[in-house]
Amino acid sequence: MINKKYFAFIIMLAFTFVISAQSVPAPAGPPPPPPGLPIDGGLLFLVISGIIYGVKKVKN
């Protein structure tokens, strides 16, 4: 009788260690922000052509 209780106690103790060993890892932090977009030559060309078009419209 004592042998069965001792065996049951050991089994329950082992299950406790197994269950606590399987903890879920902490989630990772948020992803890094995307890099900023540089203002390249295409946008500069668009601004200059808009200024030229505006000056032409004002003169006419």
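For the listed peptides 8-17, 24-33, a ranking on the average number of other beta carbons within 10 Å per residue, highest first, reads 8-17, 24-33. Using the Karplus relation 6.51 cos²θ - 1.76 cosθ + 1.60 with θ = phi - 60°, the per-residue 3J(HN,Hα) values for the range 48-55 come to 5, 5, x, 5, 4, 5, x, 5 Hz, with x marking Gly and Pro. Subtracting the Cα-Cα distance of Val47 and Lys5 from 0.36 nm times their residue separation leaves 6.6 nm of extension gain.
FYI, it's all coordinate maths here, none of it is from the lab. Just so it is clear, the structure is predicted and the values come from calculations on it, not from any experiment. Reconstructed Cβ throughout: ideal geometry from the backbone, glycine too, with neighbour counts over all protein chains shown.
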